[in-house]
1. Give me a count of the residues in region 132-166 that are of a type in the set (Ser, Thr, Tyr) and under 23 Å from residue 237 (Cβ atoms).
2. Is there a residue in region 37-47 that is of a type in the set (Val, Ile, Thr), part of a strand (DSSP E or B), surrounded by 11 or more Cβ atoms within 10 Å (Cβ to Cβ) and in contact with an Asp or Glu (Cβ under 8 Å, 6 or more places away or on another chain)?
3. From the list 141, 115, 107, 130, which one is in a helix (DSSP H, G or I) and either closer than 28 Å to residue 197 by Cα or not aliphatic (A, V, I, L, M) (or both)?
4. I'd like to know if region 81-95 contains one or more residues that are within 30 Å of residue 118 (Cα to Cα) and aromatic (Phe, Trp, Tyr).
5. For residue 197, all conditions in the list (1) out of contact with any strand residue (DSSP E or B) (no Cβ under 9 Å at 6 or more places or on another chain); (2) outside any helix (DSSP H, G or I); (3) in contact (Cβ under 8 Å) with a residue 24 or more places away in the chain hold save one; what is the number of the exception?
6. For a quick check of your reading of the model, give me the residue pairs whose first member lies in region 165-182 and is free of Cβ contacts under 8 Å to residues at least 60 places away in the same chain and more than 20 Å from residue 133 (Cα to Cα), whose second is of a type in the set (Phe, Trp, Tyr) and in a helix (DSSP H, G or I), with beta-carbon atoms closer than 7 Å and at least 6 apart or on different chains.
7. I'd like the full set of residues that are at pLDDT 80 or above and farther than 23 Å from residue 268 by Cα, limited to region 43-72.
8. Pick from region 50-88 the residues that are part of a loop (DSSP other than H, G, I, E, B) and either in contact (Cβ under 8 Å) with a residue 24 or more places away in the chain or in contact with a helix residue (DSSP H, G or I) (Cβ under 9 Å, 6 or more places away or on another chain) (or both): which of them is surrounded by the most Cβ atoms within 10 Å (Cβ to Cβ)?
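The values are calculated or read from the model by the stated rules, or taken from the named source; none is laboratory data. Since the model is a prediction, treat every value here as computed from it, not as a measurement. Cβ coordinates were reconstructed from backbone atoms using ideal geometry, including for glycine residues, and neighbour counts include every protein chain displayed.
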Amino acid sequence: MGTRIGTALDQHTAQLETCARGAEKLPPEAVTICVGLDRTSAPMEETLPEDAPRRERVKPRVRKAPPPVTVNYRMAYVGTVSLVDAGGEVIQTYKYAATAEDGPQQVLHSMMQDVRRAQRQDRSLRVIVVQDAAREMWNLVVEALHAEPSVDHWDELIDHHHHGTAHMWKAASAMAANTNATMERWLGDLRRSDDAIDRIAAELDVERQLGYHPTFRIILEDELTFITNNGARLRYASLRDAGFPIGSGPTEGACKSFFSIRCKRSGQRWRNPGLAAVLASRSHLLNGRLSAVMRNLRKRFYTAQIETLPRAA
């Protein structure tokens, strides 16, 4: 029964979310909409060919052997839309997820519907994208924002706390200077000035020409390429001072809430229909919409069909 309910929630999620979303009010302290998209792994059970080698059994099998399967970790999608106050603190986050097989389109659709609903209630809301540097994720989100008529401008940042800092740390570790001192100087400069990333790039450009061992020179060149390609998304100072969030904590947390806590328990493995049903149910639960969508599900799709029978003669 749980699988059937979850499957129904997944099949009708667009209509059910629309009804639940219509009753939601924008928190009065919200000034920013922060969106993010990420991927995380899920253990998927996949059927092998009948002639695939099987593990030898110590005892003979009493019943018919099940079809051979394997478990592979496939990259599922997670997206979030957060409402943020003037101090950069998250007030509320809407979370969505989809399997690797189903793809990101429903997640992006739900995210853009949340953005549109918020913009209709307050056109002064600012929009920012904060996520890791994966090109595929940026292409998907930027394409969705370009297609969303309620949004005409947004800012972009690569998550500072984990991804941006991690790249800086790799570069600093490859340099001959004291790593901790270099990181403290760079991070302090990034908090004070948007031009800091240009100075860091210039410093790395000089360092990579100083005859480092190839292992360290390659690291410096890789991180310089990262900064050169993403410099516009690494200018934290002015956006942080304006009250924008600079970390992708809500999206990282959603990955944990959907998959690490619920879908990667000991021995768990999933087929696509079962995982899709669980993700749909959990999304409504985490977003505080489960009661509303269940009422609507019963009303729309499970209302009893009562027919009037002719009276007996």
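1. 1
2. no
3. Values: 115 fails: either closer than 28 Å to residue 197 by Cα or not aliphatic (A, V, I, L, M) (or both); 107 fails: either closer than 28 Å to residue 197 by Cα or not aliphatic (A, V, I, L, M) (or both); 130 fails: in a helix (DSSP H, G or I).
Exactly one of 141, 115, 107, 130 is in a helix (DSSP H, G or I) and either closer than 28 Å to residue 197 by Cα or not aliphatic (A, V, I, L, M) (or both), namely 141.
4. yes
5. (2)
6. What qualifies is 174/216.
7. none
8. So, considering only residues that are part of a loop (DSSP other than H, G, I, E, B) and either in contact (Cβ under 8 Å) with a residue 24 or more places away in the chain or in contact with a helix residue (DSSP H, G or I) (Cβ under 9 Å, 6 or more places away or on another chain) (or both), the one surrounded by the most Cβ atoms within 10 Å (Cβ to Cβ) is 88.
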